[in-house]
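Below is one structure; the comments refer to it alone.
The values are calculated or read from the model by the stated rules, or taken from the named source; none is laboratory data. The shown structure was predicted, so the numbers you read here are calculated from the model rather than taken from an experiment. Here the Cβ positions follow ideal geometry from the backbone for every residue, glycine too, while neighbour counts run over all protein chains shown. SASA here: full protein model, heavy atoms, side chains in, ligands and nucleic acids out. Shrake-Rupley method; radii C 1.70, N 1.55, O 1.52, S 1.80 Å.
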Amino acid sequence: MKRHFFLFIIIFSIFANIALSAEQISFTNIPVQDGICIKMAELKQKGIAIGVSEVTQGVYNAIIGENLSRFTGDNLPVNSVSWYDAIVFCNKLSITLGLTPAYSVNGSTNPDDWEYPIHSGASITAGIVEWNKESDGFRLPTEDEWIYAAKGGLGGDFAGSTDIENCGWYSRNGSWQVHEVMGKEPNGYGLYDTCGNVWEWCWDSYTPKSKYKVLKGGCIYSDKKLCRIKFRGHIYPSRNMPNYSYSCYGLRLARSIPNIEH
């Protein structure tokens, strides 16, 4: 029996290493302000760069200039943001860093033209939010990109692990407090907190005609089953409305980069 177990471990390790070696990963630090950087993992096979951590309040405050997070601290993930807030943040960050913004409303990429009071619980009513897929600016990951990145080239329900205790803060170990980023083990791609801590907004709606936006990863209030990579939160659909914010809603940044053929 022991022999079979060790054989399984060896085979699993071989396939895990093959999966990791197939993805060409590099890391970049993008300065935002003095002493404040965004660390991105470039997943070249997938053609995306994605945040190593959830967006921190230090980064968010540097761009937006205000922070209405319930749990506060520069190295805590920003929380209490709606999908619309996340869209505004992505464009303002891109503009600040001289990149082409990913999103537009009525042809304008400047959120100041959208007549949207950030952190108000309102909706962007000036027009439909459109995504320029040729943009090099910051954006929300698609659900498919998020799942790919969260798996880290490995199996398991929780960020490349079978045990959420190793990789995520959730209802059983998080004490109902948002924790500093990078406090648990990273996944195979070097990403932290893809399970637990705060829910992460994705670009997608549940269906092409749905008004509900996809949240992934679970949070400090979540049972571990809600933190599984395949779960499409939230358990209350009304909390997936793009104007809805909650004390454990945050985001992880993405950017499009040239992909390398398999």
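Could you check how many residues of region 51-68 are in contact with a helix residue (DSSP H, G or I) (Cβ under 7 Å, 6 or more places away or on another chain) and surrounded by fewer than 24 Cβ atoms within 10 Å (Cβ to Cβ)?
Final tally of qualifying residues: 3.
Run down D144, D136 and say which single residue is within 24 Å of P77 (Cα to Cα), open to solvent by 30 Å² or more (accessible area, probe 1.4 Å) and in a helix (DSSP H, G or I).
After ruling out the rest, the residue left standing is D144.
Is there a residue being modelled with pLDDT of 95 or more, at negative phi and open to solvent by less than 50 Å² (accessible area, probe 1.4 Å) anywhere in region 2-25?
Looking for residues that are modelled with pLDDT of 95 or more, at negative phi and open to solvent by less than 50 Å² (accessible area, probe 1.4 Å), one finds none in region 2-25, hence no.
Please verify whether region 74-86 includes one or more residues that are in a loop (DSSP other than H, G, I, E, B) and open to solvent by 50 Å² or more (accessible area, probe 1.4 Å).
Within region 74-86 (the criterion being in a loop (DSSP other than H, G, I, E, B) and open to solvent by 50 Å² or more (accessible area, probe 1.4 Å)), the answer is yes, since at least one residue qualifies.
What pairs can you find where one residue is in region 156-168 and of a type in the set (F, W, Y), the other is open to solvent by 20 Å² or more (accessible area, probe 1.4 Å) and not in a strand (DSSP E or B), and their Cβ atoms are less than 6 Å apart, with a gap of 6+ or different chains?
none
Restricting attention to region 191-203, does a residue exist that is in contact with a Cys (Cβ under 7 Å, 6 or more places away or on another chain) and either free of Cβ contacts under 8 Å to residues at least 40 places away in the same chain or over 22 Å from L76 (Cα atoms) (or both)?
Checking region 191-203: at least one residue is in contact with a Cys (Cβ under 7 Å, 6 or more places away or on another chain) and either free of Cβ contacts under 8 Å to residues at least 40 places away in the same chain or over 22 Å from L76 (Cα atoms) (or both).
Sort out which residues of region 98-111 are under 24 Å from the mean Cα position of the chain (by Cα) and not in a loop (DSSP other than H, G, I, E, B), and write them in order of number.
If the condition is that a residue be under 24 Å from the mean Cα position of the chain (by Cα) and not in a loop (DSSP other than H, G, I, E, B), then Y103, S104, V105, P111 are the ones that fit.
Here is a check on your reading of the model: is G73 on the phi > 0 side of the Ramachandran plot and modelled with pLDDT under 95?
The answer is no for G73.
Using beta carbons and a limit of 7 Å, which pairs, at least six apart or on different chains, have the first residue in region 119-140 and within 18 Å of L93 (Cβ to Cβ) and the second one of a type in the set (A, V, I, L, M) and not in a loop (DSSP other than H, G, I, E, B)?
That search, which allows pairs on different chains as well, returns I124/V105; V129/I87; V129/V105; F138/L93; R139/A254; L140/A86; L140/A254.
So, in region 30-43, how many residues would count as being farther than 19 Å from T194 by Cα and either in contact (Cβ under 8 Å) with a residue 40 or more places away in the chain or not in a loop (DSSP other than H, G, I, E, B) (or both)?
Final tally of qualifying residues: 6.
Conditions (1) at pLDDT 95 or above; (2) surrounded by 20 or more Cβ atoms within 10 Å (Cβ to Cβ); (3) in contact with a Pro (Cβ under 8 Å, 6 or more places away or on another chain), marked per residue:
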position	(1), (2), (3)
A149	yes, yes, yes
F158	no, yes, no
S171	yes, no, no
H179	yes, yes, no
N197	yes, yes, yes
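Determine the pairs where a residue that is aliphatic (A, V, I, L, M), located within region 71-86, has a partner that is open to solvent by less than 10 Å² (accessible area, probe 1.4 Å) and in a helix (DSSP H, G or I) with Cβ atoms under 6 Å apart, the partner being 6 or more residues away or on another chain.
L76/Q57; V78/Q57; V78/Y60
Residues to consider are E115, E165, E143; find the one that is under 23 Å from A49 (Cβ atoms) and among the acidic types (D, E).
E143
Being open to solvent by 40 Å² or more (accessible area, probe 1.4 Å) and among the acidic types (D, E) narrows it down to one residue among D193, D223; which is it?
D223
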